[in-house]
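Read the figures in this text as sums done on the coordinates, not as results from a lab. From a predicted model like this one, the values you see are computed outputs, not experimental measurements. Here the Cβ positions follow ideal geometry from the backbone for every residue, glycine too, while neighbour counts run over all protein chains shown.
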Amino acid sequence: MSNEVLNSLLKEYEQKKLKAELNLEKRKEELYQKIPKLQQIENELNNFAIHTAKNILLHNNYSLEELNQKIENLKYEKACLLQDANISNSFLKPNYECSICKDTGYILKDNYKTEMCHCLKQKLLDASFHKSNMTNLDKENFNTFSENVFSNDIDVAKYHFNISPRENIKRIKQKCIKFVENFDNPNVKNLLFTGNTGLR
């Protein structure tokens, strides 16, 4: 897959992420107009988060415990306000298309290394699939394949086989199915199709 396709997808991810976060801000503004106390609590939580970070850097454990208790009290008060208004906690979170990577396309592993999220991998696969001109598989597959379009007459002079084209294509079909079913087996040989364009 080319870098051009990946870069294009990552731009889409940036737009999705931004849209989800802008929508959240809009929802917050509307909610804060109805329940001003929620905005006050959010502001206090943000301030406490800054103070907590400072205390961690200063190794001030006593003050840190006090701050954590205040934060828990504010979170409880916030939860009660939301419950009274019959509003879910998720209302104040971005509605990302992918909750795993939060629309970034990448996730942080335990070893602090990033790896591609399954949603981005799937989009890359879809792009490759589309580029391969194989998007018609729901109509063109083994189940819809008909041997009846092939002649049942044996003509050695014409086909250089002592079996009919229909019998021949049935054998080819079975070999193809066997190949697909054992695709991951390294001992299975590859298939090679040859012939002029348009031949069946």
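Taking a quarter of the surface of the Cα convex hull of the range 10-79 gives a mean projected area of 6.2 nm².
Estimated purely from DSSP H runs of n ≥ 4, each contributing -39500 (n - 2.57), the mean residue ellipticity at 222 nm for the chain is -19500 deg cm²/dmol once divided by its residues. Our coupling estimate for the range 68-74, obtained by passing each phi through the Karplus curve with A = 6.51, B = -1.76, C = 1.60 and θ = phi - 60°, is 4, 5, 5, 4, 4, 5, 5 Hz, Gly and Pro reported as x.
Summing Lys and Arg as +1 and Asp and Glu as -1 over all other residues whose Cβ lies under 9 Å from the Cβ of Ser164 gives a net charge of -2. Along its three principal directions, the equivalent ellipsoid of the range 124-166 from the Cα gyration tensor extends over semi-axes of 35, 12, 6 Å, largest first. Give me the base-10 log of I(q)/I(0) for the range 75-200 at each q in 0.20, 0.22 Å⁻¹, Debye formula, one uniform scatterer per Cα, rounded to two decimals. Treating every Cα as an identical point scatterer, log10 I(q)/I(0) equals -1.25, -1.31. Taken over the alpha carbons of the range 1-130 as equal point scatterers, the Debye sum produces base-10 log I(q)/I(0) values at 0.09, 0.12, 0.15 Å⁻¹ of -0.43, -0.70, -0.92.
A DSSP coil position with no more than 13 other Cβ atoms inside 10 Å describes the following chymotrypsin sites (Phe, Trp or Tyr not before Pro) in the range 156-200: Phe161, Phe183, Phe193.
For the chain, Cys80, Cys176 stand unpaired, since no other cysteine beta carbon lies under 4.7 Å from theirs. Relative to the longest principal axis of the Cα atoms of the chain, the long axis of helix 36-58 lies at roughly 90 degrees.
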